[in-house]
Amino acid sequence: MKLFGRSEKKESENYEKQYLARYRKQQKSKQKKNTSKNKKDVEIELDEKNQVEVKIQKKEPESLSTKFESVKQEYNVTIKNLMDAKKVLSGIKEDIQKSNSEYADIISKTKLARVELLKTNNELQKKTEGNAKITEEYKKQNLLTEEISNSKRELSEIKDEIKKYNSELESVRTNADNSPDFKKMREEKEKLENEIIQKRKDLDSGFRELKFIKDEMIKSSKSEGTDKIVDAASAVVASMNQKLQTTLTELNAVKKALENEREHQKKSGKLD
């Protein structure tokens, strides 16, 4: 502040010197113009000028000091306002920085919230799809269980029907076994089966004889004995053919009788 006061005082002195120099210069120019005037007038004018100059010198410093104080006060007020403005600006900057930090924090939290929301939506969608699949599988299982139950019920009904038919068939068989005609046919069937067995034995014997004859024919040479062997073989073959035809006829008769009996049993079962 002392330095500032000294500089202001120096400026005031310089201003006064400059003002006096300008005034004296003006007076000198006027003196040159009035050289034709008399000395008395000149002296009077000089005296008046000196008085004016003294008055000016007395008034001017007071005016400059007043102006300087006014300027100084304005300067101080301006400096104070500037400092206050700087403080306000600093506070505003801090508030702005704080707001920016809060905004950045909010943006960061918002992004994280969006990521979490997206993740949650994806998980929810997967769970929804999984629940839909589970529901579909559950429906399929229910349908399969229902089909199995229906199949079991149908199978039970079929088993009951089979059991019923078996009972009826057993009753028919029992009645047929006790029937006199059936007993007679069974005896005839057994008799025919025994005869067929005997015929097979005879045929086997004939085949053995025929084989023996063939072997003898191979061993024998071309002589008269060969003709006899051929005749004997022919007789054996003819006998075997006759037995075979008889057996076939009997077999056909047995088959026909059995078929007739079956038809009779079927008709009897339908009538019952």
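The values are calculated or read from the model by the stated rules, or taken from the named source; none is laboratory data. For clarity, every value in this text was computed on a predicted model and none was experimentally measured. Methodologically, a virtual Cβ is constructed for each residue, glycine included, from the backbone with ideal geometry; neighbour enumeration extends over all protein chains shown.
Over 60 Å from the mean Cα position of the chain (by Cα), in a helix (DSSP H, G or I) and among the aromatic types (Phe, Trp, Tyr): is that true of residue 103 in this structure? Walk me through how you get there before you give the answer.
Values: over 60 Å from the mean Cα position of the chain (by Cα): no; in a helix (DSSP H, G or I): yes; among the aromatic types (Phe, Trp, Tyr): yes.
No, not satisfied.
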Open item on the list: Please determine whether any residue of segment 182-192 is at pLDDT 75 or above, more than 41 Å from the chain's Cα centre (by Cα) and surrounded by 11 or more Cβ atoms within 10 Å (Cβ to Cβ).
Closed with: yes
